[in-house]
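Written out below as structure tokens is the structure these notes cover.
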Amino acid sequence: MANEKLNIGIILGSTREGRVSPQVGEWVKEIADKRGDANYEIVDIADFQLPFLGTTDGKEPGIAAWNEKLAELDGFVFIVQEYNHSITGALKNALDFAREAWNNKAAGIVSYGSTGGARAAEHLRGIMGELMIADVRVHPTLSLFTDFENYTTFKPADLHLDNVNAMLDQTIAWSGALKTLRK
Ligand SMILES: Cc1cc2nc3c(=O)[nH]c(=O)nc-3n(C[C@H](O)[C@H](O)[C@H](O)COP(=O)(O)O)c2cc1C
């Protein structure tokens, strides 16, 4: 249906005990929900209990569930944290576990780290090229030093709000445009 709202997944890129990504993801979702322009949902990689790619027979239910979830989505916002100047192993593994379900969709990035997670985000952009995910330009970068208390409690500076909305504007526009290619 032409007027159906797009489905946008806010993907949490970290899975470790004590991670801060749920706080960042909920903040993005709260901003996004106020817009009312799409159906936004948090997609937590940890919920799918994906094995490490290639180490099993590939029949774990989480693998199919992961692909089904991605197939429902028209676009993504990746919550990206910097681990050793790149994305987490968990996010790379999850990216590798699907192919067609990523293709011809759009994505924005919200990243964090000591330098705003910029190095991890740029690595993700390279990976998205191969997966045919169109990554938008506007990219909110959060600092572990100034947007978190004690590196654990998320207290984002007000200045990020406009950037998150601008990133969502671009993600929604491209997600809608690319949906026409998948019909
Ligand atoms: C294994 C590991 C490597 C890290 N490497 C970097 C790094 O290279 N650059 C950086 O800015 N922060 C680095 N950090 C700090 C993380 O960005 C920070 O702990 C962040 O909160 C991790 O996200 P999470 O809490 O969602 O797991 C690293 C953290 C871990 C656990």
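The values are calculated or read from the model by the stated rules, or taken from the named source; none is laboratory data. Quick caveat, the model's predicted, so the values are computed rather than measured. Every residue, glycine among them, receives a Cβ derived from its backbone with ideal geometry; neighbour counts consider all protein chains shown.
Per-structure values
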item	result
Any hit, segment 135-145, residues being closer than 19 Å to Ala94 by Cα, at pLDDT 95 or above and either buried (at least 17 other Cβ atoms within 10 Å of the Cβ) or in contact with a helix residue (DSSP H, G or I) (Cβ under 9 Å, 6 or more places away or on another chain) (or both)	yes
Only one of Gly129, Gly58 that is farther than 17 Å from Ile11 by Cα, in contact with a strand residue (DSSP E or B) (Cβ under 9 Å, 6 or more places away or on another chain), away from the ligand (no atom under 15 Å from the Cβ) and small (Gly, Ala, Ser)	Gly129
Residue, surrounded by the fewest Cβ atoms within 10 Å (Cβ to Cβ), within segment 15-48, restricted to residues that are among the small types (Gly, Ala, Ser) and in contact (Cβ under 8 Å) with a residue 60 or more places away in the chain	Gly18
Top-ranked residue in segment 146-168 [being touching a residue at least 24 places away in the same chain (Cβ under 8 Å) and part of a helix (DSSP H, G or I); ranked as surrounded by the fewest Cβ atoms within 10 Å (Cβ to Cβ)]	Leu161
Of residues in segment 70-88 being more than 16 Å from the ligand (Cβ to nearest atom) and not acidic (Asp, Glu), the one surrounded by the most Cβ atoms within 10 Å (Cβ to Cβ)	Gly75
Positions within segment 102-126 being more than 16 Å from the ligand (Cβ to nearest atom) and on the phi > 0 side of the Ramachandran plot, in sequence order	Asn104
